[in-house]
């Protein structure tokens, strides 16, 4: 049972480049989330999904897009990367309210 | 809106000392409360949880009690070890309009335990 898997683990982008971060979970969870973690700011919610085919904006959605075409996958896209998007990105999933979240190992993204 | 506030770190303790990390929350309705731990270079792991008022969550010697009257969920451990050094996050999970579940984290508290 792999849990939540994020790819890639590390990436360096040049300003203006695009990329997609993949989150895959094998637990049949309905809810999936993308967070970014920055020093001194904890985890901030970028986008989330309550089920296949649905997505919604979180606290800091600007500059990001997401898709959930399959229940097990939640993709986070950066269309035109900016240095302010340098961060560690975490994906999480939960089966429902009241349950603890399962986190991926994180993706460290640097935009130069 | 809903929010979680936890004490700023770092918290520095000697081995076998008593630990308290304060956490308070603001939420409409009846959230579930969690503590997560993050070791260097890793993702967050669920440490313990409580789903209703007066519930006590416990795991690996850590405890936290859901106090609705004070909107608090303080993390405690009677005797910390060097291996407990990590960042600890308090979080809440609640439903909001439309039936969507939201998961909100505090800023995290770094704990450093010295021999």
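Derivation of every value follows stated rules applied to the coordinates shown; laboratory data play no part. As the structure is a prediction and not an experimental result, all values here were calculated from the model. Cβ sites come from the backbone with ideal geometry, for glycine too, and all protein chains shown count toward neighbours.
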Hey, rough spin-label estimate for residue A:14 and residue B:59, points 7 angstrom out along Cα→Cβ, what's it come to in nanometres?
4.4
Cα-based Rg and Dmax for the protein assembly as shown, where Dmax is the largest Cα-Cα distance (Å):
17.5, 51
Ranked from fewest to most other Cβ atoms within 10 Å of their own Cβ, A:38, B:2 fall in the order A:38, B:2
Calculated over chain B: convex hull of Cα atoms, volume per residue (Å³):
96
How crowded by other chains is A:64-73, given as the mean number of beta carbons from other chains within 10 Å of each beta carbon?
0
Semi-axis lengths, Å, segment B:1-69, gyration tensor of Cα atoms, sqrt of 5 times eigenvalues
22, 14, 13
What ranking of A:4, A:88 emerges when the number of other C-beta atoms within 10 Å of each C-beta is taken as an exposure proxy, fewest first?
A:88, A:4
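For segment A:1-64, just run the numbers: alpha carbon Rg, then divide by 2.2 N^0.38 Å, N being how many residues it has.
1.23
Take the Cβ-Cβ distance between residue B:3 and residue A:7 as r, set R0 to 41 Å, and report the resulting FRET efficiency rounded to the nearest 0.05.
After rounding to 0.05, the efficiency reads 0.80.
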Distance between Cα centroids, segment A:49-73 to segment B:47-115: provide it in whole Å.
27
Can you tell me what share of the DSSP beta bridges in chain A is antiparallel? A percent to the nearest 5 is fine.
90
Using a simple spin-label model with points 7 Å from Cα along the Cα→Cβ vector, what separation in nm is obtained for residue B:14 and residue B:28?
5.0
So what is the relative contact order of chain B, in percent, for Cα pairs below 8 Å that sit 6 or more residues apart?
36
Suppose the Debye formula is applied to equal point scatterers at every Cα of chain A; what is log10 I(q)/I(0) at q = 0.17 Å⁻¹?
-0.74
